[in-house]
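Just below is one structure, and these are the notes that go with it.
No value in this document is a laboratory result; all are computed from the given coordinates. It should be emphasised that the depicted structure is a prediction, and the values quoted were computed from it without experimental measurement. Neighbour counts run over all protein chains shown; Cβ positions are idealised from the backbone, glycine included.
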Amino acid sequence: MLKGVTSLAGRNLRLLTTQGQVLVHHQHRAKASAAEPAELLDQETDLSKRAKFGHTGKQLQQKICKEKKLRAPPLLNLVFANRKLSFYDTSSTPKTKEDNAKLSQRRHYSMRPHREQEQRNAEDVLFDMFASEETGLISMGKFLAGLKTTGIRRNDPRVRELMDNLKKVHKLNNYETGSSAETQHLNRETFKAVVAPNIVLIAKAFRQQFVIPDFTSFVKDIEDIYNRCKTNTLGKLADYIPQLSRYNPDSWGLSICTIDGQRFSIGDVEVPFTLQSCSKPLTYAIALEKLGPKVVHSYVGQEPSGRNFNELVLDQNKKPHNPMINAGAILTCSLMNALVKPDMTSAEIFDYTMSWFKRLSGGEYIGFNNAVFLSEREAADRNYALGFYMRENKCFPKRTNLKEVMDFYFQCCSMETNCEAMSVIAASLANGGICPTTEEKVFRPEVIRDVLSIMHSCGTYDYSGQFAFKVGLPAKSGVSGGMMLVIPNVMGIFAWSPPLDHLGNTVRGLQFCEELVSMFNFHRYDNLKHLSNKKDPRKHRYETKGLSIVNLLFSAASGDVTALRRHRLSGMDITLADYDGRTALHLAASEGHLECVKFLLEQCHVPHNPKDRWGNLPVDEAENFGHSHVVEFLRSWAEKVDQPNEECQPEAVTTKTQADEEICSTSDLETSPATSPIPTPAESGSRAGSGRSSPVPSDAGSTASAGSASSIDDKTKPGL
Ligand code: GLN
C-alpha cells in the first residue's frame, strides 16, 4: 500500500498535485527544455525513485532523459500549438552558477515583488510572440488585433495608458514611422515600456484567463444565433406614442460584455433608443442600495403579478406586486423622491439617477430623449390612474408629491442609451455591482442579488414564468424593444429590436435568449458537472478533458471499482490516457488492483495493450511492481485475445448511460445490432483512440450486444 502511495505521488499522478491541469504538465515539459539545475535534480530524484522500485533499467532512464530533451519543444511553439500562453522567459534562464548567484542576490535585495518579475517576463514573451523575425520589431497593429480577439478593445479604459503611450512614442518619433500610432512598429524596449502600465490585464487576456477563455469561438456561435434571429420578422412596433412607432422594424443589435470586460457587438448597436422598462431594475437597485430591502419591500412586493404590466391592481397587502411592473416602478420612484433624496429638487434627482446609470455603464452613452418624455407624459392616463389608485390606498411614503413622482418615472423611461452601453450595465449586474470596464464598485453585491432575483421572476411581463422556465436567467425587457439579459458571474447581454410580441417582449430578443441557452449551459439549472450536449464556454477546452482524465486515473490507481463504474455509466471514454500515455489500465495494473483490471477489460472492453510514452504495457507495469496475480490475468487475457477467432470484433468502448442499459435489459434490442445503442465498430474504433483497438475475447462480449449483456450482469452487483 505504502509503495503504491509513493509511486502515485512520484510518478503516476503528478497531474493531481497541480489541480489536474494538463497545462501544468506542458509547462513542466517546457521548463525541462531550459534544463534548470533544480529541474534536473527533480528529474534525477524521479528517476531514482523509478530505479528503486525496479521499474526501469539504466537504459530506460537514459532514454527518458534523452527523449525529454529531444521532445521538449521551444516554449513559443508550445504556446501556438495549444493556443495557451506560458510566461517563462527562457532567454533569461541563468546558465551558470554565477548567474544563478547574481540573480538570487538581485531577488534578495531588490524590492521588486515576484509578481512584477513575472510581468517583466510576460512583456518579453508577448514581444516574441508578435515580433517579426526579419526586422526584430513588433507591429502594434498585429498586437492590438490579437488583443481584440480576446475581447479587449482599444478604447477599453483599462488599456488607456497603453494607447496614450503609443501616441507619445509616435509623437517622439516625429510621426516618421510611416504609420499611425496604432500601427507603428516598435523595438523590444519601447514595446515593454509602452505595455508595462497595463500588463496585468494584457497578460491575463493572452493567457486566456478571462471568464470566456476562447472568446473567438464563442463570438462565432453568437453571430450564428444573431443571424438566425435576423430573419425573424414577426412582431409589431409599440404605437402608444409616435416616437416608438417610428422605429425601423429591421433594426437589430446585440452587445455582449463579460465580467472581465470582453466585448462583442453586432448589428445596430449604436442606434439610440429609450430605456423604458429596462430602467425599472436600475431605479430599484438605487433604492435598495440607499434604503435596504426591508424598507423598500415594506412598500412594494416581490411576487409576479400574473397580470398585465400596467394593470390597475395591487396585491393583498395593498402594495404593488413587484418593482418590475409600472405600479411598482412608480412606487420606487416615490421612494427616491421622498426617502433617498428628500432634499433634492426634481432636477437634482434626475441628475443623481442619471449619474448612477452612467457609472453602471462605465461612462458609455446615457442620454435623455425629451420628445419621448413629453409624449410619455401626454399619453399616460393609465400611469396616472395607477398613481392615484396607489395614493388612495396609501401606498406612497409621506411627503410624496405625486406629480413630481410621475414626472420622474417618465424621465427614467425616457433616458436614452444604446446596446453597447446597456451590455456594460448588464455586465455590472452580472459582476455583483462592479462595472467590469472601469472596475468601479457601483452597488453592493446583496443589492444585485435582490435585483436579479426579481428580474428572474418578473422581468419579462406576462411571459416571466415561461422565460424563467425556458431561459432560466434574470432579464428585463422594455417596450422600446430592449432585452437586458444577465448571466450571473459570467456576462451581460443586451439585445435590441423594436418589433414586440403580444406580451410586449422583443421578438428577436426573446428568440436570441432561448437559442442562447439551448446552445450553452447558461440556464440556472443546467448541470455544469456532467457531460451534456450543451457547450460550456466558461471552461477551457483542455481543462475539462484534463480534469476528467485525472479523475478516471485516480480511481484506477486507488483501486476504486465503484468510481470506475460511475465513470463508465456517465459515458466517459475509459481508454483516455494522460500526457504520458498512461491509461486507467496502466495504473490499475501497476498498483496491483486485480478487480479494477478485470472490470476495465471485461466490462469496459478497453484494449489490454496500450503503450505509454516509454513503451510500457500494463502487463509490464504489473510485472515491474511485482503483482504476479495481475500479470497472470493479463497474460491469459492477451493469449485469449491473440487467438484467431472468427467471431472477433474490434473492442468497443461502451459509452452507454444507465438508461441505455435498462433499455437493453428489458427489450429484445439486446440481440438486434441494428438498433443497439452501443457504437458500431467504426465508432468504437475512433473512440478507442488511434492504434489502440484490438480483438476482444469471444467470452467477454464478442459482439456489442453481448457487451451489454455483461453490463446487465454487472448491475446486479453491489456498489452500482
Ligand atoms: N413608458 C412605458 C409605460 O410606462 C414603459 C413600460 C414598458 O416599457 N413596458 O407604459
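Roughly speaking, what is the stretch gain from Ala145 to Arg228, that is 0.36 nm per residue apart minus the C-alpha to C-alpha distance, in nm to one decimal?
27.2 nm
Ranking request for peptides 508-519, 273-284, 188-199: highest mean number of other beta-carbon atoms within 10 Å first, then the rest in descending order.
273-284, 508-519, 188-199
I'd like the distance between the alpha-carbon centres of segment 249-297 and segment 416-483, rounded to an integer number of Å.
6
How many nm separate the modelled label positions at Val313 and Ala385, each set 7 Å beyond the Cα in the direction of the Cβ?
Spacing of the two 7 Å Cα→Cβ label points: 1.4 nm.
If I model a spin label at Asp580 and Asp250 as a point 7 Å from the Cα along the Cα→Cβ vector, what separation in nanometres do I get?
6.3
Give me the number: length gained by fully extending Asn370 to Lys598, i.e. 0.36 nm times residue separation minus the C-alpha to C-alpha distance, one decimal in nm. Please list the in-between numbers first.
Details: separation 228, 0.36 × 228 = 82.08 nm, distance 7.74 nm.
Answer, rounded to one decimal: 74.3 nm.
State whether segment 495-629 is rounded, prolate or oblate according to the following rule on the C-alpha gyration tensor (a ≥ b ≥ c being the square roots of its eigenvalues): a/c under 1.5 gives rounded; otherwise a/b larger than b/c gives prolate, and the remaining case gives oblate.
prolate
Just want the ordering: Ile454, Ile286, from fewest to most Cβ atoms lying within 10 Å of their own Cβ. Write out the running numbers ahead of the final one.
Details: Ile454 26, Ile286 22.
Ranking Ile454, Ile286 by Cβ neighbours within 10 Å, fewest first, gives Ile286, Ile454.
What is the fewest-to-most order of Thr437, Thr183 by other Cβ atoms lying within 10 Å of their Cβ?
Thr183, Thr437
Met519 versus Arg153, label points 7 Å from Cα toward the beta carbon: distance in nm?
If labels sit at Met519 and Arg153, their model points lie 2.0 nm apart.
Over 27 Å between Cα atoms: which of Lys280/Lys319; Lys236/Lys441; Lys394/Lys470; Lys236/Lys318; Lys142/Lys171; Lys280/Lys535 fall into that group?
Working: Lys280/Lys319 17 Å; Lys236/Lys441 39 Å; Lys394/Lys470 37 Å; Lys236/Lys318 34 Å; Lys142/Lys171 20 Å; Lys280/Lys535 32 Å.
Too far apart for the 27 Å limit: Lys236/Lys441; Lys394/Lys470; Lys236/Lys318; Lys280/Lys535.
Order of 480-492, 322-334, 137-149 by packing, highest average Cβ count within 10 Å first?
322-334, 480-492, 137-149
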